[in-house]
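Data block below; observations after.
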Amino acid sequence: MTPVSGSHFSIFDANFLKFSYRFTQKTNFTDKEALYPHQNLSYLLQFFTSSNLFRSNQLEEQKLSQSYQVAILGATGAVGTELISLLEERNFPVANLKLLSSPRSAGKTLSFRGEPVTVEAVGDRSFDGVDLVLASAGGSVSKAWAKAIVEAGAVMVDNSSAFRMDPHVPLIIPEINPEAAHDHQGIIANPNCTTILMAIAVWPLHTIQPVRRILAATYQSASGAGALAMEEVKAQAQAILNDEAVPTEYFPYPLAFNVFPHNSPLDDQGYCQEEMKMVNETHKIFGDSSLKIKATCIRVPVLRAHSEAVTLEFDAPFDLGAARQALQQAPGVKFVEDWEQNYFPMPLDASGQDDVLVGRIRHDISNPCGLELWLSGDQIRKGAALNTVQIAELLAERELLRTSSRETVGTR
Ligand code: 2RA
């Protein structure tokens, strides 16, 4: 497999460009900034030299000289196959890609950079010499192999819920808490899809004016239950249209032409696991467990992008213009609002996109300090695989992967 290098535009470049744009567009300088314009310049210079763009250029240089032994655990699932595409699309410096699965899926052939790669059954020696494992095979599989992965010297970026709330495991959305990566002890957790999508939209507002309470209602697609569940919804729709028996192997009830509350286990307060993930994970990512959060999670007959209606409460009214501007400039967000056309984020538009579509920003008419937004985000990409690959990029940029088995590009 020949490693490639080339142009690569990461979220970190986007951060810098958005910052620069915001800076050049800034007209409402504070008295202090107007009095000391050189401070603005020095701030810009300081930002540039410490910026992610700078680090991104470092990654470009690293890419020319170093690459990594990468394994995907759970390679044949919806997220696994997206991970393969994203490593290729984003030109992650892969020296060799190992695709791992359960024995049931082993032997399949998938393609990476135009070459066939045979999926191997995961086993005791699978992680020998591997630097980075991107895991998306479910919590029990992650728990079963985590020790072997870490003992082999690799870093595991885990897409399951197995380690998310472990205090020794950073839980990361690179646009929000990249610094947490420095504390890793071999495992980094990728948050749940609903948490990522909500946090990406709320964080830019929270940094302007702290949010005190979040009320969310989700509209979750079939993709959250996996590739086979997506196929099941299509089969259900076909069966209903043909007046035939409706298959329900992956969902407890027919999802086609129906909606039902998320079927993860319920606690004694009446909240399901999916809802509590949004609460607990957001606390950990924002570093604020005093933030009041509640969610109602609902499965809807959409194939691959989740949507969420989110109400935020602040201590004081949030200016609508400031909220729109913050979201227009936020990394990972595409602002989508056309009030005349009544056009706002939709899962069909979000599918296949990296950015979370956010819009329909309005005041909560029942609360002067409330603000409402609506979002749609691709559950498989930013909700899972893209965030995982962005964490991998962060680890490479900040040299947080081991160096012992890195290869020099061109040696293979
Ligand atoms: C779901 N949150 O949508 C899950 C996927 N991680 O059901």
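Read the figures in this text as sums done on the coordinates, not as results from a lab. Remember, it's a predicted structure, so these values are computed and weren't measured experimentally. We place every Cβ from the backbone using ideal geometry, glycine too, and count neighbours over all the protein chains shown.
Under 13 Å from a point placed 7 Å out from the Cα of Met165 along the Cα-to-Cβ direction: which residues of the stretch 219-247 have their backbone N that close?
None, by backbone N distance to the label point.
Quick check on the exposure proxy: order Lys382, Lys292 from fewest to most C-beta atoms within 10 angstrom. Mind showing how you got there, number by number?
On the way: Lys382 26, Lys292 11.
Listing Lys382, Lys292 from fewest to most nearby Cβ atoms yields Lys292, Lys382.
Provide His184, His363 in ascending order of the number of other Cβ atoms located within 10 Å of each residue's Cβ, fewest first. Please list the in-between numbers first.
Working: His184 20, His363 16.
Least to most surrounded, the residues fall as His363, His184.
Each residue of the stretch 134-151 in order: what ³J(HN,Hα) in whole Hz does its phi give by Karplus 6.51 cos²θ - 1.76 cosθ + 1.60, θ = phi - 60°, with x for Gly and Pro?
9, 10, 8, 10, x, x, 5, 5, 4, 5, 5, 10, 4, 4, 4, 5, 5, 5
Can you pick out the pairs among Lys292/Lys382; Lys143/Lys284; Lys98/Lys284; Lys98/Lys147; Lys277/Lys334; Lys143/Lys382 whose Cα atoms lie more than 26 Å from each other?
On the way: Lys292/Lys382 24 Å; Lys143/Lys284 20 Å; Lys98/Lys284 32 Å; Lys98/Lys147 18 Å; Lys277/Lys334 24 Å; Lys143/Lys382 23 Å.
Listed pairs above 26 Å: Lys98/Lys284.
I need the peptides 240-247, 258-265, 156-163 ranked by packing, meaning the mean over residues of other C-beta atoms within 10 angstrom, with the highest value on top. Can you show the working numbers first?
Working: 240-247: 11.4, 258-265: 13.9, 156-163: 24.0.
Per-residue mean Cβ counts within 10 Å order the peptides as 156-163, 258-265, 240-247.
Need one number: convex hull volume per residue for the stretch 195-379, Cα atoms only, in Å³. Intermediate results must be reported in sequence, preceding the final value.
Details: hull volume 24.8 nm³, N = 185.
Per residue, the Cα convex hull of the stretch 195-379 comes to 134 Å³.
Just to check I understand the Karplus step: with θ = phi - 60° and J = 6.51 cos²θ - 1.76 cosθ + 1.60, what whole-Hz values come out for the stretch 254-267, glycine and proline as x?
x, 9, 4, 6, 8, 9, 7, x, 3, 8, 6, x, 8, 8
Just to be sure I understand the model, the point goes 7 Å from the Cα along the line to the Cβ. What's the resulting Ile240 to Asp338 distance in nm?
Placing both labels 7 Å beyond Cα along the Cβ direction yields 2.9 nm.
Once phi is turned into ³J(HN,Hα) by the Karplus curve 6.51 cos²θ - 1.76 cosθ + 1.60 with θ = phi - 60°, what whole-Hz value does each residue of the stretch 164-169 show in order, with x for glycine and proline?
4, 9, 5, x, 8, 10
With a 10 Å radius around each residue's Cβ, average the other Cβ atoms per peptide and rank 303-310, 231-238, 281-288, highest first.
303-310, 281-288, 231-238
Taking H placed 1.01 Å from N in the peptide plane, check which residues at least 5 places from Val133 or on another chain put their amide H under 5 Å from its amide H.
Those lying under 5 Å, H to H, from Val133 are Ala71, Val155, Met156, Val157.
For the pair Ser102 and Arg398, what calculated FRET efficiency results from E = 1/(1 + (r/R0)^6), where r is the Cβ-Cβ distance and R0 = 22 Å, to the nearest 0.05?
Given R0 = 22 Å and the Cβ-Cβ separation, E is 0.10.
Of Pro247, Pro368, Ala201, which is farthest towards the positive pole of the stretch 195-379's charge dipole, taken about the Cα centre with +1 and -1 on the beta-carbons of Lys, Arg and Asp, Glu respectively?
Towards the positive end, the residue furthest out is Pro368.
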